[in-house]
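**Student:** Please find one structure pasted underneath; my questions will follow.
Nothing in this text is a laboratory measurement; each read-out follows from the coordinates by a stated rule. None of these values were measured; they are calculated from a predicted model. All Cβ positions, even for glycine, are placed from backbone atoms using ideal geometry, and neighbour counts span all protein chains on display.
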Amino acid sequence: MDSSEQVVTPDPATIKGLDAWRSLPIKQQPQWGDSRALEQVTGELSTVPPLVFAGEVDMLRDRLARVARGDAFLLQGGDCAETFAGATADQIRNRVKTILQMAVVLTYGASMPIIKMGRMAGQFAKPRSSDEETRDGLTLPAYRGDIVNGYDFTAESRTPDPSRMLRGYHTAASTLNLIRAFTQGGFADLRMVHSWNRGFAENPANVQYEGLAKEIDRAVKFMEAAGADFDELKRVEFYASHEGLLMDYERPLTRIDSRTGAPYVTSAHFLWIGERTRELDGAHVDFFSRVRNPLGVKLGPSTSVEDMKALMDKLDPHREPGRLTFITRMGANAIADVLPPLLEATKAMEISPLWVSDPMHGNGMTTSTGFKTRRFEDVVKEVTGFFEAHRAVGTHPGGIHVELTGDDVTECLGGSQKIDELGLETRYESLCDPRLNHQQSLELAFLVAEELTKL
Ligand code: PEP
Ligand code: MN
């Protein structure tokens, strides 16, 4: 640190407040069992270097403030549950590539900057509907994500193991390192990303997107002819996010920023509170209300205007631009009824929260053959309903939050590849929720771009 830089000593009450959650009701935490091992791991996590730093987090808050004002659009995407085994160069590259490709299409559609954020480099902990799972008469702890226990259905693998949090930290660090290398080192070159998109549009199955693809092509050619500095377009900002769920991981990675004395969670730039852990008086809302990171909260179809306002008062009492994002996951059939009243209630506010559509989590289903899946058409219907609701009320549809992968998996039904129930067997790899594959993700981007041109 520069010796001229001032170091602000944090207020002792601020530090103490960071542990207030410990005496509050808490959901979705593992039973670690081995308390000595837990103590050792949390001790180590509290001394390792931060994965992100406060300046970047502040920059993201500023970017999100622009989105909330209607001057930018957020694209947030990645796995439902990242795995340690899946943190390979190829898989990380394919996901980043998919997000960059989607972003180019959306940039054109929105004529606005697209803020790119991965559900990556830390999306390892999962909330579960049941603490246990029973198979053939054997009951074991539910799989809570690689950062807690293993997916294999044996007592040994399902026993929560605190040392997995250290592996989670190191896996997040190497993932983030590669993301930074890709997005700063030339891989994000607009012309290259555009040429990948041409490949998508040339596929006869995607003929319906040909018109928009041609327009984008002409726009890129125009930029080239007009002398745009493409070297400036080789680097992009890319932010990391995950569900702020596992408190024994998030708390030790929370640090006081020496410039301001304020606490930041340093495991990711952006954290969101899930639908299952957002009770007003619960541990998660209390803890995250005390840190400076921009926050998301998932809102499901039962959210009342009062719930929503109470969350705003607790998490964003000063109505700070970019601080709070509501990620709505209402279901394709419910959104037209349940979203507009929430939007109406925020419309009159001077500083509005940022609204993002998660068209995945309200649209789950299980096939007769036992696959957890989602229909691409339901995903599209929810996103379309999201845009319609905002158009009707006069608020800004700020972004989309999707579960996706860059690989050619077969986990969601439909899309131009027409994946059917039998096809799901071909390549179903998710350990948790089904993701859009590479093609389906691009298709969604083209459809959303068309919606954005109507704004
Ligand atoms: C998720 O985003 O993977 C998730 C569990 O979402 P929700 O909290 O909305 O159910
Ligand atoms: Mn999920």
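**Student:** Which is the longest part of the chain that has none of the GluC sites (Glu not before Pro) sitting in a DSSP loop with at most 14 other Cβ atoms within 10 Å? The partial results should precede the final answer.
**Tutor:** On the way: sites that count: 5, 350, 421.
The answer is 6-349.
**Student:** Separation between the residue 111 and residue 229 pseudo-spin-labels, each 7 Å from Cα along Cα→Cβ, expressed in nm?
**Tutor:** 2.4
**Student:** Enumerate the helices in the chain for which the Kyte-Doolittle hydropathy averages -0.5 or more and the C-alpha atoms extend at least 20 Å along the helix's axis, using complete DSSP H runs.
**Tutor:** 54-69, 89-110, 163-184, 210-225, 376-393, 438-453
**Student:** Also, quick follow-up: Could you work out [θ]222 nm for the chain from helices alone, using -39500 (n - 2.57) per DSSP H run of at least four and dividing by all its residues? Round to the nearest 500 deg cm²/dmol. Intermediate values should be presented prior to the final figure.
**Tutor:** Numbers: 14 runs with 179 residues, N = 455.
My calculation for the chain gives -12500 deg cm²/dmol from helical runs alone.
**Student:** May I ask you to compute the full-extension gain from residue 214 to residue 431, defined as 0.36 nm times their residue separation minus their alpha-carbon distance, rounded to one decimal in nm? Present the calculation step by step, with values, prior to reporting the outcome.
**Tutor:** Values: separation 217, 0.36 × 217 = 78.12 nm, distance 3.75 nm.
Gain on stretching residue 214 to residue 431: 74.4 nm.
**Student:** Now for a different question. Tell me which cysteines of the chain come out unpaired when the rule is another cysteine's Cβ under 4.7 Å.
**Tutor:** Isolated Cys, the chain: 412.
**Student:** Around residue 215, with a cut-off of 13 angstrom between Cβ atoms, what is the net charge of the other residues, counting Lys and Arg +1 and Asp and Glu -1?
**Tutor:** Combined, the nearby Lys, Arg, Asp and Glu give +1.
**Student:** Roughly speaking, what is the stretch gain from residue 167 to residue 90, that is 0.36 nm per residue apart minus the C-alpha to C-alpha distance, in nm to one decimal?
**Tutor:** This chain segment gains 25.8 nm when fully extended.
**Student:** Moving to a separate point now. What's the extension gain from residue 56 to residue 307 if we count 0.36 nm per residue and subtract their Cα-Cα distance?
**Tutor:** 87.3 nm
**Student:** I'd like the antiparallel share, as a percent to the nearest 5, of DSSP beta bridges with both residues in the chain. Spell out each step's value before the answer.
**Tutor:** Numbers: 10 of 43 bridges.
Of those bridges, close to 25 percent are antiparallel.
**Student:** Mind pulling up the Rg/Rh value for the chain? Radius of gyration and Kirkwood radius, both on Cα. Mind showing how you got there, number by number?
**Tutor:** Details: Rg = 21.5 Å, Rh = 22.6 Å.
Taking Rh as the inverse mean 1/r over Cα pairs, Rg/Rh reads 0.95.
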